[in-house]
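Notes to accompany the following structure.
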Amino acid sequence: MSEAAQVLVVGAGLAGMSAASALADSGISVRLIEQAPVIGGAVLRQALQGTDPRLHGPHQDYGSRLITRMQQQRNIQVSRSCQFGGVDSDGRVLLVHSSQGSHEMLQPRALIVAVGATERIRPRPGWHLPGVMTAGSIQVGMKTSLTAPPGRIVLAGTGPLLLAVGAQMTRMGAPPLAIVEAANPLGRWHQALRLPFVYGLEAADYWLTLKRAKVPIWMQSEVTDIAQQEAGLRIHVNTPKGIRIWDIDSLGLHDGIFPNDYGFSRSDHLIWRNAGDCHEALGARAAAAHGELVANEIGALLKPGSATVRPAALKRLERERSAQALLKLVYQHDEKPMLDQLPLHTVICRCENRTLGDLKALGEQPTVREIRLLGRFAMGACQGRFCGHWVQCLSGNEKKLSKSVLMAAHWPSRPLSIQGLVTTADHLGSNSLESVT
Amino acid sequence: MGKSFSLEGQSILFETSDTVATAALRAGIQSFGHSQSGGQLGVFCGIGQCQACLIVNHQGQVVEACLTPCVEGAAFSHLMGSGGIHV
């Protein structure tokens with residue numbers, strides 16, 4: 001088994017990096033793993049080579065300072081292209097170096113999971129087709145490759161990320177054909193005025209960039225159908241002025257974010273905390289603050305007396321929590337009618353290709369066992385991240401289906417090679433069992 | 001002539017900072033074949049969560065195209081393709 005750092009941090013985004021850095025400040029050794037070949041997470045994703053300051057928006061300065069500080073701290077070991085495979089019942093953590101096909105076992109004293117948010121994507125007819133992706137995917141693609149996304153693109157769904165991605169595409173010289181927003185944020189300007197000043201500044205910047213490039217922004221509008229054409233996609237958009245039809249190459253969807261806390265079975269043998277968006281989806285500004293607070297809590301447990309009170313981080317977290325609640329109000333809209341109108345052929349589980357019709361065929365108020373074992377919902381490779389919530393909403397049994405049971409955690413949480421596992425087990429040998437206690 | 005790799009036998013040019021996903025999309029390749037259960041594969045979440053862009057590298061490892069940097073001359077196949085997994 002590898003020489004264990006005291007704390008393993010999973011995810012080198014804002015929360016993970018700030019947690020690692022704060023722990024290292026207290027003299028605690030940290031192993032920080034990141035599944036991407038570069039650090040930064042979704043917000044500060046670094047390019048594979050080179051840099052473009054236009055892409056990280058208001059988080060650029062803070063992010064660069066954090067990355068520089070972390071690189072100077074000797075007791076942080078960073079592993080890139082390294083994935084979290086799961087934790088066994090004895091608290092041993094499996095790491096997967098996927099491109100090399102090798103695995104590694106660790107036994108840290110504490111684990112901080114900082115794997116960010118999952119984009120909330122409401123199913124629409126045709127959302128399973130190639131060419132349909134998340135708006136966040138388009139954004140991360142730009143940040144990683146430093147090139148504009150190709151072809152005719154429409155961004156649709158709801159929330160400020162659509163404006164951010166649209167503005168970033170515009171600055172890269174490839175503005176979207178249109179932005180389709182389900183809510184009417186302008187109609188709630190009086191609530192928007194209560195947002196922190198930096199939020200208003202950021203929104204105004206995106207808005208002006210899009211308006212200067214003459215990108216149409218359709219409010220109270222909705223993509224109702226996506227169909228594959230010989231070349232590209234044809235989308236139907238329901239707008240206040242009637243149905244519009246666009247032929248496009250790609251569609252970027254986004255309907256908010258969820259905490260990415262799927263697929264983790266806890267162990268009593270190690271201290272475990274979730275940090276940042278995977279604890280509570282409050283966005284970039286809160287993630288760094290929460291990472292610091294979690295590090296502080298773990299520091300106090302591992303090294304009593306080492307932790308310093310961090311009132312600034314606490315204050316920031318509170319401020320972001322109320323700002324996010326306000327944003328939710330500004331973007332409030334009723335999505336139930338859109339779910340009610342979904343045709344039965346709509347794919348709900350993208351992994352297993354299961355439709356709304358398949359879900360309805362399970363009868364009224366199906367049990368979790370029926371949904372999973374007969375229906376094959378929330379059973380695919382994404383661990384129910386992209387269908388679980390909607391299966392809950394659409395099954396007619398929302399109140400009785402607990403999310404934790406519907407999306408029960410089973411590890412490993414990744415496709416692993418048997419060969420790699422065998423090699424890892426050989427490395428463990430018999431001594432490893434003694435080290436558990 | 002730029003640098004290239006192949007996906008299911010098709011040659012794809014890439015830029016220095018591309019992942020397999022961004023290079024394939026720029027080349028107009030959106031479909032990465034099908035999964036075992038018939039689901040259509042292609043880039044979706046872009047950050048390694050959805051597992052919809054799984055491909056197989058020359059060592060037979062299943063990897064996410066969105067997390068895999070391009071390497072000159074590398075050969076990838078579809079999950080259920082020529083060099084992929086067989087069930």
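Please indicate, with yes or no, whether at least one residue in the range B:55-74 is at the interface with chain A (Cβ under 9 Å from one of its Cβ atoms), out of contact with any Lys or Arg (no Cβ under 7 Å at 6 or more places or on another chain), closer than 25 Å to A:GLY126 by Cβ and not β-branched (Val, Ile, Thr). Checking the range B:55-74: at least one residue is at the interface with chain A (Cβ under 9 Å from one of its Cβ atoms), out of contact with any Lys or Arg (no Cβ under 7 Å at 6 or more places or on another chain), closer than 25 Å to A:GLY126 by Cβ and not β-branched (Val, Ile, Thr). Taking the residues in the range A:1-51 that are small (Gly, Ala, Ser) and touching a Pro at 6+ places or on another chain (Cβ under 9 Å) as candidates, determine which candidate is modelled with the highest pLDDT. The selected residue is A:ALA5.
Each row is one residue, and each column tells you yes or no for (1) within 14 Å of chain B (Cβ to nearest Cβ); (2) under 26 Å from the mean Cα position of the chain (by Cα); (3) on the phi > 0 side of the Ramachandran plot.
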residue	(1), (2), (3)
A:ASP358	yes, no, no
A:VAL368	no, yes, no
A:GLY388	yes, yes, no
A:SER395	no, yes, no
A:SER402	no, yes, no
A:VAL405	no, yes, no
A:PRO415	yes, yes, no
A:GLN419	yes, no, no
A:VAL422	no, no, no
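For the range A:139-147, the criterion of a residue being surrounded by fewer than 23 Cβ atoms within 10 Å (Cβ to Cβ), modelled with pLDDT under 95 and not basic (Lys, Arg) is satisfied by at least one position. Checking each residue in the range A:13-38 for being within 21 Å of A:ALA313 (Cβ to Cβ) and under 22 Å from the mean Cα position of the chain (by Cα) picks out A:GLY13, A:LEU14, A:ALA15, A:GLY16, A:MET17, A:SER18, A:ALA19, A:ALA20, A:SER21, A:LEU32. All of A:SER432, A:SER395, A:SER404, A:SER417 fail the test of being buried (at least 20 other Cβ atoms within 10 Å of the Cβ), at pLDDT below 95 and among the hydroxyl-bearing types (Ser, Thr, Tyr), apart from A:SER395.
For the range B:3-20, a tally of residues being at the interface with chain A (Cβ under 7 Å from one of its Cβ atoms) and either surrounded by 21 or more Cβ atoms within 10 Å (Cβ to Cβ) or of a type in the set (Ser, Thr, Tyr) (or both) returns 4.
Of everything in the range B:29-39 that is surrounded by fewer than 21 Cβ atoms within 10 Å (Cβ to Cβ) and under 13 Å from the mean Cα position of the chain (by Cα), the residue that is farthest from A:ARG152 (Cα to Cα) is B:HIS34. Note on the range A:101-217: enclosed strands (runs of 3 or more DSSP E) holding 1 or more residues that are of a type in the set (A, V, I, L, M) and within 14 Å of chain B (Cβ to nearest Cβ) are A:110-113, A:117-119, A:132-134, A:153-157. If we scan the range A:306-313, do we find a residue that is modelled with pLDDT of 95 or more, over 22 Å from A:GLN6 (Cα atoms) and outside any loop (DSSP other than H, G, I, E, B)? Within the range A:306-313 (the criterion being modelled with pLDDT of 95 or more, over 22 Å from A:GLN6 (Cα atoms) and outside any loop (DSSP other than H, G, I, E, B)), the answer is no, since none of the residues qualifies.
Condition check: at the interface with another protein chain (Cβ under 7 Å from one of its Cβ atoms), within 19 Å of A:ASP249 (Cβ to Cβ) and either of a type outside the set (Ser, Thr, Tyr) or crowded, with 21+ Cβ neighbours inside 10 Å (or both). Does B:GLY46 satisfy that? Walk me through it before giving the result.
Working: at the interface with another protein chain (Cβ under 7 Å from one of its Cβ atoms): yes; within 19 Å of A:ASP249 (Cβ to Cβ): yes; either of a type outside the set (Ser, Thr, Tyr) or crowded, with 21+ Cβ neighbours inside 10 Å (or both): yes.
Criteria met by B:GLY46.
The values are calculated or read from the model by the stated rules, or taken from the named source; none is laboratory data. This structure is a prediction, so every number in the text was calculated from the model and none was measured. Note: ideal-geometry Cβ built from the backbone for every residue, glycine included; neighbour counts use all protein chains shown.
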